[in-house]
Amino acid sequence: MSTSSNNKQEQKLPPINLPDSEWKEKLTNEQYRILRKKETEFPGTGEYNKHFETGTYKCAGCGNDLYDSTSKFDSHCGWPAFSSSLGTSVKHEKDADGYREEILCAKCDGHLGHVFEGEGLRDANGKIIQQRHCVNSASLKFAKKN
Ligand SMILES: [Zn+2]
């Protein structure tokens with residue numbers, strides 16, 4: 001049976017902790033490299049880099065709703081860029097390199113990309129963007145709004 005409340009229930013699931021071997025089976029090689037090993041896809045190659053449809057970008061690892069298409073903008077940096085994330089679905093941590101801010105899925109700890117602030121970028125409406133979430137396409141799965 002399918003009801004419209006399914007999405008809301010999904011949000012309340014506890015954090016996902018799978019052993020590495022299970023992630024390897026569940027994900028494609030590219031997704032595994034990026035989500036679990038924190039690698040970065042080549043700029044300009046990602047499926048969602050120039051993707052501007054209406055809907056929700058979910059975590060490719062666990063399906064957590066991460067970004068709404070209304071926050072997506074064209075940063076010309078080669079990766080999907082968002083000005084904000086949905087609720088508390090994305091967590092921020094100091095990157096291992098000691099200076100960048102890493103962003104991860106709050107539910108499965110999958111690596112998404114990095115956040116940059118104060119770059120003076122503007123969105124399509126000319127509004128200054130405070131934060132640029134620079135996200136790997138491989139970390140995302142788009143769900144089109146019907
Ligand atoms: Zn996730």
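Quick note: the coordinates plus some simple rules give every number you see, no bench work behind them. Remember, predicted model here, so these are calculated numbers, not experimental data. For neighbour counting, all protein chains shown are included, and Cβ atoms are generated from backbone atoms with ideal geometry for every residue, glycine included.
Observations on the structure shown:
- Here's how it looks for Leu112: its modeled amide H is under 5 Å from those of Ile103, Leu104, Cys105, which are all 5 or more places away or on a different chain.
- Whole-number percent relative contact order across the chain, with pairs defined as alpha carbons under 8 Å at least 6 apart: 26 percent
- In straight-distance terms, cross-link reach from Lys38 covers every one of the lysines whose alpha-carbon lies under 28 Å from its own, apart from those fewer than eight places away in the same chain; here that gives Lys12, Lys24, Lys26, Lys50, Lys58, Lys72, Lys91, Lys94, Lys107, Lys141, Lys144.
- Highest-first packing order for the peptide set 27-36, 118-127, 89-98 is 27-36, 89-98, 118-127, based on the mean count of other beta carbon atoms within 10 Å.
- Using the Cβ-Cβ distance between Asn146 and Ser84 with R0 set to 35 Å, the FRET efficiency from 1/(1 + (r/R0)^6) comes to roughly 0.90.
- Integer Hz, Karplus 6.51/-1.76/1.60 couplings in order for the stretch 69-77, x for Gly and Pro: 4, 5, 9, 7, 9, 8, 8, 6, 9
- For the chain, a Gaussian network of Cα nodes joined below 10 Å ranks Ser75, Ser84, Ser21 by mean-square fluctuation, and the top entry is Ser21.
- Nitroxide proxy distance, nm - points 7 Å out along Cα→Cβ at Arg122 and Asp97: 2.9 nm
- A Gaussian network model of the chain, with springs between Cα atoms under 10 Å, assigns the largest mean-square fluctuation among Pro80, Pro19, Pro43 to Pro19.
- For the chain, the direction-averaged projected area of the alpha-carbon convex hull comes to 9.6 nm².
- Annotation for the stretch 65-146: chymotrypsin sites (Phe, Trp or Tyr not before Pro) lying in DSSP loop with at most 11 further Cβ atoms inside 10 Å of their Cβ are Tyr99.
- 3J(HN,Hα) couplings calculated from phi for the stretch 111-125 with the Karplus curve 6.51 cos²θ - 1.76 cosθ + 1.60 (θ = phi - 60°) are, in sequence order, 6, 9, x, 9, 10, 10, 10, x, 8, x, 6, 10, 7, 4, 8 Hz; Gly and Pro show x.
- Taking the chain as a whole, the Cys residues whose C-beta sits 4.7 Å or farther from every other Cys C-beta are Cys77, Cys134.
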